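Each remark here refers to the structure printed beneath this line.
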Amino acid sequence: MPVPWTRLSQGSEYLIVLASIIMLGWGLLGFLEYFTGLAPLMPLQNPTFPAGTQTIHWILITASGAAFLAGYVLRWRATPIVMLVVFTALATMCAIQTFDMLENPDRYRNFVQECVTYTIISIYLFRSKRMQDRFGRVTIQTPGRSVPRHV
């Protein structure tokens, strides 16, 4: 029954593309408001975040959308690795915000959901045949190390 798995994988791919478009748009709107004060859809700035934190917040959100979309369109082999780095930075920023700045009662649940989402997407980017066909198989080779032979 490969057809349902193929459709699920294709749906996952399109969902990640859609999420990346949303992240890029959200980040750009966040920067627009941050620099001009204009909030075309709704206010996006969090008054509990210091200015530097807010800047890094918008850089990471914009970078996550832009990096995936550029890598996806260009079939850039390093895309899964770049996304893992960006997701790690986003999760770190979210942890700082969750434990030091946010006050809403759902903040811990939201933090866990965000981290689980990053983990699932990362596994999909590295392990799915569909993503390996798009980006190539990601391998890490260390120069100067040899693989031990079993005699």
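The values are calculated or read from the model by the stated rules, or taken from the named source; none is laboratory data. Keep in mind that what you see is a predicted model, and the values were worked out from it rather than measured. Note: ideal-geometry Cβ built from the backbone for every residue, glycine included; neighbour counts use all protein chains shown.
Just a few scattered comments:
- Residue count, the range 12-55 (criterion: of a type in the set (S, T, N, Q) and under 19 Å from MET83 (Cα atoms)): 2
- Among the residues of the range 97-118, the ones that are within 12 Å of THR48 (Cβ to Cβ), hydrophobic (A, V, I, L, M, F, W, C) and surrounded by 15 or more Cβ atoms within 10 Å (Cβ to Cβ) come to 1 in all.
- Hits in the range 1-54 - residues which are surrounded by 10 or more Cβ atoms within 10 Å (Cβ to Cβ), of a type in the set (S, T, N, Q) and assigned to a helix (DSSP H, G or I): THR6, SER9, GLN10, SER12, SER20, THR53, GLN54
- Yes/no for PRO143 being closer than 30 Å to TYR72 by Cβ, surrounded by fewer than 11 Cβ atoms within 10 Å (Cβ to Cβ) and modelled with pLDDT under 85: yes
- Inter-residue pairs, beta-carbon under 7 Å, first β-branched (Val, Ile, Thr) and in the range 90-103, second assigned to a helix (DSSP H, G or I), 6+ apart: THR98/ARG107; THR98/TYR108; THR98/PHE111
- Meets criteria (closer than 30 Å to ARG137 by Cα and either more than 11 Å from the chain's Cα centre (by Cα) or of a type outside the set (D, E, K, R) (or both)) for LEU44: no
- Within the range 64-83, the set of residues being crowded, with 19+ Cβ neighbours inside 10 Å and under 11 Å from the mean Cα position of the chain (by Cα) comprises SER64, GLY65, ALA67, PHE68, THR79, PRO80, MET83.
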